[in-house]
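Novice: Before I ask anything, here is the structure I am working with.
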Amino acid sequence: MGTLQGRDLMEPLDFSAEESEELFDLSMRIMEDPKAYARACDGKLLATLFYEPSTRTRFSFEAAMLRLGGRVIGFSGEQSSSAAKGESIADTVRTVACYADIAVMRHPKEGAPLVAAQSSDIPVINGGDGGHQHPTQTLTDLLTIRKEKGRLSHLRVGLCGDLKFGRTVHSLIKALSRYEGMEFYLISPEELVVPEYARKDIANGNGSRCMELTRMQEALPHLDILYMTRVQKERFFNEEDYVRLKDSYILDANKMKIASPDMIVMHPLPRVNEIATEVDDDPRAVYFKQAKNGMYVRMALLMSLLGVEN
Amino acid sequence: MEVNSIEKGIVIDHIRAGFAMKVLEYLDVDIANDTVAVIMNAASRKYGKKDIIKIENVTDADPAALGLLDHTATVNIIENGKISRKIKLSLPQRVVNVVKCKNPRCVTSIEPSIPHVFRLVDAEREEYSCAYCDEIAKVL
């Protein structure tokens, strides 16, 4: 503990592989004995600055802080903040930093949490900025992979669905590329392929390779992990394109039959219909466990950035 | 073609042929008042053709901005009719308020007080990425 104290978290690679490992170790310890940490953040205040709607990420952060014995203030939705009066992000955060010990920001504009971090002395966590980065989802995903597969290297990872706007996918690619021998199967319609910067992250990785496919079935028998994503309506400019593409990539029990018996299915949630509910009972489906891991990794993150004793 | 030498000012030589106007635009020169000579497609032993810019009485230039535009160009500062300083250009690692981010989803599109910051990500392809949103920009 100590190296992360006072730091911000903007991107998945802000923490070194060793620092991330420490965080995962702490997450596992909390998971095993949550009572031992019930007062770890006693007297600490978390500000949740959510400029766009989110239930899961916000609840996960709030639950994390409350379970550590800390308290939470914040807003959800731009209309309920002073941004509705035209206040800049920098000024809002400078003010919030007078009251809170740590802040998490979600914002529709890419890079907004970086502006917040540059404008204040308290640690700022990026809770998702537009289609750009979502590092705490990435930490959740990495913790889940480490817990379920026992390692974070030499894995064959299929990413399926909206790979263009899906911020969780971009963050995960960037983080996993750092580990040795990763193979990515990028499965998406042509309209929703990964942006150029994500391809660069793979190319610059630690011996990572990637394959781009349009059909999920071709990849399924080869995968250790299948990461499904939602085709998000709010990222489309028109309804017609959304309706045409949303059902293209649905995982069901039949498709699960051709997958490896050891393959795990992950999803950042919320799911719409890209995973049929019949898959939920398959022991390979880990997406609800993933959500719980998210709370534990956020507990570890809050403790580490605040520098509270372990 | 003959252009008189200058007593004091700046001479940017070996600009890629055809790019002089772009360089001038980035230099933020006051073309209504400053004395400026723009020579385009002049013969060059090294490159075949080149552009040259001479600006009288102006000696401050932002090397970061110039390097970004054309790092093969040479910049000579002239004082008392002689070259007093040569600036060697290179692609800058970081440029501030030279390139604007064109990504409509970038925070720079709504937060007017913050600087536009770009970082060099690929020197060979001369590509920069926005420090806020990672949008790739090719400068020329």
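Novice: Which of (1) within 14 Å of chain B (Cβ to nearest Cβ); (2) crowded, with 23+ Cβ neighbours inside 10 Å is the odd one out, the single condition A:Thr138 does not satisfy?
Specialist: Failing condition for A:Thr138: (1).
Novice: When you go through B:Asp122, B:Asp134 one by one, which is the residue that is under 25 Å from A:Pro195 (Cα atoms), surrounded by 17 or more Cβ atoms within 10 Å (Cβ to Cβ), within 14 Å of chain A (Cβ to nearest Cβ) and acidic (Asp, Glu)?
Specialist: Working: B:Asp122 fails: surrounded by 17 or more Cβ atoms within 10 Å (Cβ to Cβ).
It is B:Asp134.
Novice: Go through segment A:173-206 residue by residue and tally those that are modelled with pLDDT of 90 or more, surrounded by fewer than 21 Cβ atoms within 10 Å (Cβ to Cβ) and away from chain B (no Cβ under 14 Å).
Specialist: Qualifying residue count, segment A:173-206: 7.
Novice: Quick one: is A:Gly6 surrounded by fewer than 18 Cβ atoms within 10 Å (Cβ to Cβ), more than 16 Å from the chain's Cα centre (by Cα), over 26 Å from A:Ala198 (Cβ atoms) and modelled with pLDDT under 95?
Specialist: Working: surrounded by fewer than 18 Cβ atoms within 10 Å (Cβ to Cβ): yes; more than 16 Å from the chain's Cα centre (by Cα): yes; over 26 Å from A:Ala198 (Cβ atoms): yes; modelled with pLDDT under 95: no.
No: the conditions fail for A:Gly6.
Novice: Based on this model, can you work out whether A:Ile125 counts as within 14 Å of another protein chain (Cβ to nearest Cβ) and closer than 23 Å to B:Cys106 by Cα? Talk me through it step by step, then tell me what you get.
Specialist: Details: within 14 Å of another protein chain (Cβ to nearest Cβ): no; closer than 23 Å to B:Cys106 by Cα: yes.
Against the criterion (within 14 Å of another protein chain (Cβ to nearest Cβ) and closer than 23 Å to B:Cys106 by Cα), A:Ile125 does not qualify.
Novice: Hey, another quick one. Considering only strands (runs of 3 or more DSSP E) fully contained in segment B:44-116, which possess at least 2 residues that are touching a residue at least 24 places away in the same chain (Cβ under 8 Å) and in contact with a helix residue (DSSP H, G or I) (Cβ under 6 Å, 6 or more places away or on another chain)? Steps first, please.
Specialist: Numbers: elements: B:48-56, B:74-79, B:82-88, B:94-96.
So the answer is B:48-56.
Novice: Take the residues of segment A:48-85 that are within 14 Å of chain B (Cβ to nearest Cβ) and closer than 28 Å to A:Asn293 by Cα: which is surrounded by the most Cβ atoms within 10 Å (Cβ to Cβ)?
Specialist: Among those that are within 14 Å of chain B (Cβ to nearest Cβ) and closer than 28 Å to A:Asn293 by Cα, it is A:Leu49.
Novice: Give segment A:86-114 a look and list any residue that's away from chain B (no Cβ under 14 Å) and of a type outside the set (Asp, Glu), or say none.
Specialist: Going residue by residue through segment A:86-114, those that are away from chain B (no Cβ under 14 Å) are A:95-104.
Correct list: A:Thr95, A:Val96, A:Ala97, A:Cys98, A:Tyr99, A:Ala100, A:Ile102, A:Ala103, A:Val104.
Novice: Let me ask something else about it. State whether one or more residues within segment A:126-141 are part of a helix (DSSP H, G or I), touching a Leu at 6+ places or on another chain (Cβ under 7 Å), in the same structural domain as A:Gly207 (by TED's automatic domain parsing) and farther than 30 Å from A:Ser81 by Cβ.
Specialist: no
Novice: May I ask you to say which residue of A:Leu186, A:Leu163, A:Leu172 is assigned by TED's automatic domain parsing to the domain that holds A:Asn204, assigned to a loop (DSSP other than H, G, I, E, B), under 21 Å from A:Ala259 (Cβ atoms) and among the aliphatic types (A, V, I, L, M)?
Specialist: On the way: A:Leu186 fails: assigned to a loop (DSSP other than H, G, I, E, B); A:Leu172 fails: assigned to a loop (DSSP other than H, G, I, E, B).
Just a single option satisfies the conditions, and that option is A:Leu163.
Novice: Sticking with this one: Hey, can you tell me all the residues within segment B:1-37 that are assigned to a helix (DSSP H, G or I) and surrounded by fewer than 14 Cβ atoms within 10 Å (Cβ to Cβ)? Show your work before the answer.
Specialist: First, pick out the residues of segment B:1-37 that are assigned to a helix (DSSP H, G or I): B:20-27.
Hits for segment B:1-37 are B:Met21, B:Glu25.
Novice: While we're looking at this one, here's another question. Could you list, in sequence order, the residues of segment A:50-78 that are among the hydrophobic types (A, V, I, L, M, F, W, C) and in a helix (DSSP H, G or I)?
Specialist: Going through segment A:50-78, the residues among the hydrophobic types (A, V, I, L, M, F, W, C) turn out to be A:50, A:59, A:61, A:63-66, A:68, A:72-73, A:75.
Correct list: A:Phe59, A:Phe61, A:Ala63, A:Ala64, A:Met65, A:Leu66.
The values are calculated or read from the model by the stated rules, or taken from the named source; none is laboratory data. Treat the numbers as computed from the prediction; the structure is a model and nothing was measured. Virtual Cβ from ideal backbone geometry, glycine too; neighbours counted across all protein chains shown.
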